[in-house]
Amino acid sequence: MRAFEYTRADSAESAAAEAGKNTRARFLAGGTNLLDLMKEDIERPDQLIDLNRLNMTEITESGDCIRLGALVSNTDTANHPLIKQHFPLLTQAILAGASQQIRNMATNGGNLNQRTRCAYFYDTAMPCNKREPGSGCGAVGGLNRMHAIFGWSPECVAVHPSDMCVALAALDATVQVVDSQGVAREIPFANYHRLPGDSPHKDNTLAPGELITSIELTKNKMAPHSHYLKVRDRASYAFALVSVAAALHLDGNKIGKARVALGGVAHKPWRVNQMEDFLQGKPAEDEIFVDAAALAVKTARPLERNAFKVDLARRAIVRALQKARDGGMV
Amino acid sequence: MGKYIGKEFSRVDGVAKVTGAAPYAAEFHVPGTAHGYLVMSRIAKGTITKIDTAAAEKSPGVVRVFTHKNTPKFAHPEKYKSFKALQSPEIVFNAQPIAVVVAETFEEARAAANLVEATYRREDPSTDFFGRVEEAEQAPDSPFSGKSVQTTGDAEQAMSSAEITFEAEYTIPAEHHNPMEPHAAVAYWKNGKLKIFDKSQDVYTVRSNLAAALGVPEDDVHVVSPYVGGAFGCSIRTNYYPFLTAMMARELKRPVKLVYTRRQMFTGHGYRPFTHQKIQLGAKKTGELISIIHEAANNTSTVEKWNDSTTRFTRHIYACPNMKTIQRLVKTDLPTPCAMRAPGAVSGMFALESALDELSYKLDMDPLELRLKNYAEVDPANGKPYSTKALRECYRRGAEKFGWDKRQPIPRSMREGNELIGYGMSTGIWYAFQQPATVKVVLKADGTAQLTSATSDIGPGTYTVMTIIAAEYLGIAPEKISFGLGDTQMPKAPVQGGSWTTASVGSAVHGAAMKLKSRLLSLAQKDKDSPLQGLGPDEVVLLDGRLQNRKQTSNGVSIVGILKAEGMDSMTEVHKETPSKIREDYQLLAHGAQFVEVRVDEQLGMVRVSRAVEATACGKIMNPKTSHSQEMGGVVWGIGMALTEHTEVDDRFGRIMNPSLADYHVPCCADVRKVDTDFIEEDDRVVNPLGVKGMGELGMVGIPAAISNAVYHATGKRIRHLPMTPDKVLKA
Ligand SMILES: Cc1cc2nc3c(=O)[nH]c(=O)nc-3n(C[C@H](O)[C@H](O)[C@H](O)COP(=O)(O)OP(=O)(O)OC[C@H]3O[C@@H](n4cnc5c(N)ncnc54)[C@H](O)[C@@H]3O)c2cc1C
Ligand code: SF4
């Protein structure tokens, strides 16, 4: 960790304005990701803008919209009655991530902006285009068992590590941000994170200095039929090999609407619209799920060590859809 | 059962540990301490051509930057082959220390460490052990497991004539100990003498190694290590950091502290090596083994030959007339491996006990029945009788507790929802070692006793068990006993390893107590009217603070009374206990039987160990509470080895890529479900005066094989390559 200046922000606008002045500044929320990366000498900010005094700490309801403040902890979000009632998928996804202690510290804004867990990104002795543009990608020809099977580029094959974001993607959330000029805008979740392309150092579509103020969700009819499934190397406290957030709007046995997002497979939570369209109007039956899952992995491009993820993703989609249909929160 | 021995007893150091009163190495605060931070190499093999420390030296708070250029040469004897830090520009493994930045604070040292720049002449490293098994060379003999090639009968000949044969290969990746406490040392010099607080399982060896390296008499080196936050073997050898810490303190003339980061722990000490094994079994159709050939290879470094003794128990467990074991090594550009809980044993038994399970299916025989059919009544390699061996009872009791009779013999025949259920079992084995150990006992006239011996307590409960033994044989309440350890100013004890501490140091405590009893008796008998007149030492006993007639306990005198009558404040005994000669006439082993149930979500490749039952026979159980913890810990370790643990090396760079607790997966609470432990006590009069055998390592020995066998039983898929992560389960 290197020396840095510490600034305490007192409003969202002033925080964004401060960040707009210095490209080497970073926002500090729970610190569970940023401080680790600073200790490993991966993030080297010369200024930390502490957000913890900002009043983005509430979950509010207005009409069909539920708004999650950027500074609400992951734990409080998961356990909030409004979330449990309307978005149990989100509760389940958050609780599948990290550990109780980390979730207590972690914030919703920080969760969106957490960085990849690619081992090469984490080791400054190794090449990594995300950490050091132009240095090459260590993982593409190396230990890439944990890496992407969708949407990667030769420049970067990393995956986004969040569980929460997979549920937010399936729930069509929007991200509210404010820029350094004080101008607010709204980003649909599908456009929030990005694919690596030739600029893997950019994880998302935020402009420099832009601050997340909240995340908005619109109530839907899928709460009784949603499920988050996470396949991992140990029973808890491990990142996903593959995860699936599945939500169905069922009309009797008929699928009115389906929302499915995958985690652990791409540089962003992975939605397959083609599969969702396929499911719409069909009966919620195993054979349909199997066909849908096959559609979802059709475009998969595995790397040398992660071919298993293609099959695993297919199976996990089927299981998650079955669980969602059966109304299983377990 | 004694008054204290054999009863449930909580840890005497428990409160100190949970309240933070127990200091670990890095927590000794010495005024004026400067803080070191290691800088590690970024290549695995080659030479440092230039190392630029200028920017680091100018960084705030920096006191000095040590590199190979300004570090004095250590005076290690020629035979000391272990890696030595900062002694040359040569790089022999990736993430090797190349500099230490010392600063006023830890944060300043860490910040400046980022500014040290090295330039290398790079060579291609070779770390792909499994790709190079063919090149393996014969291992050197081992002090513990003997010759690297061992034979009984003619294994090849018998194999070729066997009715049924089986052959398979098994692999185990490197694994790291990952104790909670990072390695650390705090050192300072005063009047030419060194005092060093270190995390160590063996303070005396640290002392002699430091003395030799630094060119000072051993008496001028004082090593202190009262608490160790887990070690499992990674603090048996003297790692490179105490040499650096002591050197820096001498050069800077002030106390210096050096602590490994988690990342640095992955190359700052050894690890369980990569292991490749081939097992061949020959048997009669009726199940009797007639030949076992066990070939093992493990990786080592380029500086030392580490023989992991993978085949160490193969010739001592089943009644097979023809056996051959071979141990080989492959040099790799990695650090030297070291002992890791049940070294060799758990690796070797993973292969042998998996192979036996495979054979049982070939024979269409219950796996437990196959073991019983080949039960060894005497040691098959040397014909010696076992001092005691209650393995048969372990099988029986374990099977009963587990419900082995409910096993449907055919794989894939047990299921619940999405999960296939499998039962697996295995045999565990470890030694009943004993080493010479010395203990000092001071019996005080205030009714208390102080004991000291320079052993260690890496977690098994050594403080506690020594207190129990002392209380039992000195006849003093445990609250009135203090036991000190981990200090070279205390009498010499062996390294805490090999599961021999209770047998070695505990026997010394017992021996000292016996001597004190005799001395107290002669003093008491000075009094002509003593009720103990005419009795010999064997006819009296120390109990409840009194020396009394064993048969007629009302006849006795208080210990305090005897000392007071002599005008003594205290009575001191220093006793060295050595293993008895009769041990040589026996084979001395501890055994166990392990049964596990797994549930495999075959669609998703996820395995969980839903139940484990361990029945263990390791002599006398001194403290059932901590013994249960030891065996439970063994099961947890076995789960990690079987399912999750794996040190991953990118062979292109020769670099370990998962050096963190987030990425190196030790089992977490959710991975450990029901663990049942049971002990079949053995009354062993041969092993040592206490009748105790090794237990700490034993508990994990059979677990990985039992889990793999259960996975096969559940799924019909045999996974011979650990760990059994979801990708392997899906692929099998
Ligand atoms: C060992 C470990 C295991 C984990 N396992 C999982 C897991 O299994 N699943 C999972 O989903 N997560 C996991 N996590 C990640 C965890 O969820 C994140 O670290 C956490 O959500 C980050 O939140 P934070 O508030 O601490 O962010 P910080 O560390 O404070 O910040 C992270 C990043 O977000 C930026 N940021 C923070 N707030 C804002 C804002 N309002 N606007 C703009 N930028 C902002 C920061 O500048 C920084 O770049 C794990 C973490 C650890 C350490
Ligand atoms: S996958 Fe991305 S993050 Fe990982 S090494 Fe390649 S560029 Fe870096």
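What to note about this one:
- Three-way shape label, segment A:127-273, alpha-carbon gyration tensor, a/c 1.5: oblate
- The trypsin sites (Lys or Arg not before Pro) of segment B:638-712 that DSSP puts in a loop, and whose beta carbon has at most 11 other beta carbons within 10 Å, are B:Arg685.
- Largest-first ordering by accessible area, 1.4 Å probe, given options B:Met365, B:Met568: B:Met568, B:Met365
- Net charge dipole size for segment B:435-578 [Lys, Arg +1 and Asp, Glu -1 on Cβ; Debye, nearest 20]: 260
- For the pair segment A:44-90 and segment B:386-409, the centres of their Cα atoms are 54 angstrom apart.
- Bridging of B:Lys278 to lysines at a Cα separation below 22 Å is possible for B:Lys147, B:Lys305, B:Lys324, B:Lys331, B:Lys362, B:Lys717, B:Lys728, B:Lys731, once same-chain residues fewer than 8 apart are set aside.
- For segment B:557-596 versus segment A:222-239, the gap between their alpha-carbon centres in whole angstrom: 55
- Backbone phi angles across segment B:314-329, fed through the Karplus curve with coefficients 6.51, -1.76 and 1.60 (θ = phi - 60°), yield HN-Hα couplings of 4, 8, 10, 10, 10, 6, 10, x, 10, 8, 9, 10, 9, 10, 10, 10 Hz in residue order; Gly and Pro are listed as x.
- Within straight-line reach of A:Lys254, meaning a Cα separation under 16 Å, sit the following lysines at least 8 residues removed in sequence or on another chain: A:Lys221, A:Lys282, A:Lys323.
- Unit charges at the beta carbon, dipole of segment B:637-732: most positive-side option, B:Ile639, B:Ile656, B:Leu690: B:Ile656
- Under the Debye formula (equal points on every Cα, no solvent term), log10 I(q)/I(0) of segment B:435-578 at q = 0.10, 0.12 Å⁻¹: -0.33, -0.47
- P(r) histogram, all alpha-carbon pairs of the protein assembly as shown included - 10 Å bins from 0, percent: 2, 10, 17, 20, 20, 16, 9, 4, 1, 0, 0
- Ranking of A:Tyr192, B:Tyr24 by solvent-accessible surface, largest first: B:Tyr24, A:Tyr192 (1.4 Å probe, protein heavy atoms only, all chains present).
- Debye intensity ratio in log₁₀ form over the Cα atoms of segment A:5-50, taken at each q of 0.30 Å⁻¹: -1.12
- For segment B:49-120, trypsin sites (Lys or Arg not before Pro) are listed when DSSP marks them as loop and at most 16 other Cβ atoms sit within 10 Å of their Cβ; the list is B:Lys69, B:Lys73, B:Lys79, B:Lys81.
- Structure remark: mean-square fluctuation, Gaussian network model of chain A, C-alpha springs under 10 Å; the largest value among A:Gln274, A:Gln92, A:Gln47 belongs to A:Gln274.
- Residue order for B:Cys320, B:Cys668 - accessible surface, 1.4 angstrom probe, largest first: B:Cys668, B:Cys320
- Only helices enter the 222 nm calculation for chain A: every DSSP H run of n ≥ 4 contributes -39,500 (n - 2.57), and dividing by all residues gives -7500 deg cm²/dmol, rounded to 500.
- For the peptide B:663-670, the mean number of other protein chain Cβ atoms found within 10 angstrom of a residue's Cβ is 4.
- Highest-first arrangement of B:587-598, B:264-275, A:138-149, where packing means the average Cβ count within 10 Å: B:587-598, B:264-275, A:138-149
- Average other protein chain Cβ within 10 Å of Cβ, residues A:227-236: 6
- Stokes-Einstein diffusion coefficient of segment B:323-395, Kirkwood radius over Cα pairs, 25 °C, 0.890 mPa s, in µm²/s: 160
- Sequence-separation-based contact order of segment A:1-98, relative, with Cα cut under 8 Å and 6+ spacing, percent: 25
- Exercise: per-residue mean of other protein chain Cβ atoms within 10 Å, B:651-657: 5
- Ligands, DNA and RNA excluded, the heavy atoms of B:Ile621 present near 10 Å² of accessible surface to a 1.4 Å solvent probe.
- Quarter of Cα convex hull surface for chain B, i.e. mean projection, nm²: 33.3
- Chain A: C-alpha pair distances exceeding 34 Å, %: 21
- Residues in segment A:246-251 carry Karplus couplings, in order, of 10, 9, 10, 9, 9, 10 Hz; the curve used is 6.51 cos²θ - 1.76 cosθ + 1.60 with θ = phi - 60°, and Gly or Pro positions show x.
- Solvent accessible area, Å² - B:Arg415, 1.4 Å probe, full protein context: 140
- In Å², nearest 10: area of B:Trp189 left accessible to a 1.4 Å probe: 50
- In order through segment A:99-105: 3J(HN,Hα) via Karplus (6.51 cos²θ - 1.76 cosθ + 1.60), integer Hz, x for Gly, Pro: 10, 3, 4, 5, 5, 5, 8
- Segment B:46-117 versus segment B:642-699: alpha-carbon centroid distance in Å: 34
- Among the trypsin sites (Lys or Arg not before Pro) in segment B:156-262, those located in a DSSP loop and surrounded by at most 10 other Cβ atoms within 10 Å of their own Cβ are B:Lys253.
The values are calculated or read from the model by the stated rules, or taken from the named source; none is laboratory data. Every value quoted in this text rests on a predicted model; they were computed, and no experiment measured them. When we count neighbours, we look across all protein chains shown, and the Cβ atoms used for this are built from the backbone with ideal geometry, even at glycine. The accessibility values were calculated without ligands, DNA or RNA, using every heavy atom of the protein model including side chains. Shrake-Rupley method; radii C 1.70, N 1.55, O 1.52, S 1.80 Å.
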